[in-house]
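One structure is given below, encoded as structure tokens.
Please treat every number below as a calculation from the coordinates, not as lab data. This is a predicted model, so every value here is computed, not measured. Cβ placement follows ideal geometry from the backbone for every residue including glycine, while neighbour counts extend to all protein chains displayed.
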Amino acid sequence: MQPHPSSCPRFRLAVLTGLVAAASLARAEAPDFQTWLAQVRQEASARGISAATLERTFSGMTPIEKVIELDRRQPEFTETFLNYLDKRVSAQRIDAGQQLLAEHGALLERLEQRYGVPATVLVSFWGLETNYGSHLGGFSTPAALATLAHEGRRGAFFRRELLDALAILDAGHVSPEAMHGSWAGAMGQMQFMPSTFQRHAIDEDGDGRKDLWASIPDALASAANFLHAIGWRDGEVWGREVRLPDNLDLDMASATNRSGRQWASLGVTQADGTPLPDPEMLGNLILPQGRWGPAFIVHRNFYVVMDWNNSLHYALAVNHLADRLAGLPRLSLGRDADNRPMRREQALELQKRLTHLGFDPGVADGIIGGQTRAAVRAYQRKQGMPADGYASLGVLERLQADTADLVLSEEGRPTLPADNLAAGRS
């Protein structure tokens, strides 16, 4: 039976190239920025946005080239989980967070009673998003959104966000001059996108405005409302660090949502070696830095955090910071894991060497995604290594040893050294 063409890496590369070319053509055919902006003004006016708001917001607006540069920039390296965590859950951030817990204790207690979200969790989000309001972002939100919407790569999404931002301005919650945030349009103390603001922002201080920039009560209440809306469960732990037995079958363990009792039967304990609590609570095993890094059993609230920001590292960092703010200890296991970051060209080499050995990581693009991790897991399994799917420099070094005769051309095609060909070796 012949494989479907879509399973061929060259076919996928051709499709990807075609999509990129189509997007480039669409951008080339798009109207200039001022013509496009006039079209947006018409659409916003038809939605009831006042002429005064549109004039004040759009007058003199030009694209922000830095925003386009940041949107198109590829990451230079893949940061390890431990490096990511240590930068964000620092002693300074823990101390500052605990001071803010005390300072805003009455407000946080009221929000916890209303929404079921612990004070430590709200303050942790606050710390991770803007370092407790000290880094709100320096880009004009309307101009950044207009730049991204006109640029075209995700034009429809950012155009909708721009229209929501205009509605927020027209309602008087903030002025155009004060509406600033990240290059991608996230705003305020909790870095809400305008659409999230529209659905979940709260006027907690009762001044008639939902001010997520200057009002801490509004910002914290809005975050609590959002977390409650997306499923935060009152009284449930997000997860915990665990200790794994040496002989754990990672394929079996990582593929199934298991109860605490089932994990215990496989030899999994809490990090300190004591039995897992909550024997009936279901949880998944998470290995953010492979078999030799920290290990976690996570529950439903963990995935609520993933709904806020779909990043495994971010979700673990938010929850761990919340634990530290509550007085729990730092992670105790996995600190001797290989902590070397992988550069993009090294990730690209790993993908090409996997392809050469018959493992399919998808299109070789230097970005470690699900298909690359599956290929790494298959390679590890064949080599008798712990099959954790973690694309580390150690795995790359093993691949280099296993494909020592492979030379990667600039175009990425595998070749063999000339002296090997002359010697008749294949």
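Quick notes on this one:
- Protection proxy ranking for 401-408, 233-240, using the average of other Cβ atoms within 10 Å per residue and placing the highest first: 233-240, 401-408.
- With all pairs of separate Cα atoms included, segment 334-402 yields a Kirkwood hydrodynamic radius of 11.8 Å.
- Which labelled figure in (i) 41, 34, 17; (ii) 34, 24, 21; (iii) 33, 28, 21 is semi-axes √(5λ) of the Cα gyration tensor in Å, once derived from the coordinates: (i)
- Value of [θ]222 nm, deg cm²/dmol, for the chain, DSSP H segments ≥ 4, -39500 (n - 2.57) each, nearest 500: -15500 deg cm²/dmol
- Using the average count of surrounding beta-carbon atoms within 10 Å as a protection proxy, the listed peptides 293-300, 327-334, 261-268 rank, highest first, as 293-300, 261-268, 327-334.
- Whole-Hz Karplus values for segment 290-299 come out as x, 4, 9, x, x, 10, 9, 9, 10, 10 Hz, taken residue by residue from phi with 6.51 cos²θ - 1.76 cosθ + 1.60 and θ = phi - 60°; glycine and proline positions read x.
- Whole-angstrom gap from segment 117-171 to segment 368-395, using each part's C-alpha centre: 36
- Across segment 252-357 the C-alpha pair distances fall into 5 Å bins from zero in the proportions 2, 10, 16, 20, 21, 14, 8, 6, 3, 0 percent.
- A simple packing score, the average count of other Cβ atoms within 10 Å per residue, orders the peptides 168-179, 96-107, 144-155 as 144-155, 168-179, 96-107, with the highest score first.
- Cross-link reach is defined here as a Cα-Cα straight distance under 27 Å, omitting same-chain residues fewer than 8 places apart; for Lys352 the lysines meeting it are Lys382.
- Enclosed volume per residue, in Å³, of the convex hull spanned by Cα atoms of segment 240-293: 76
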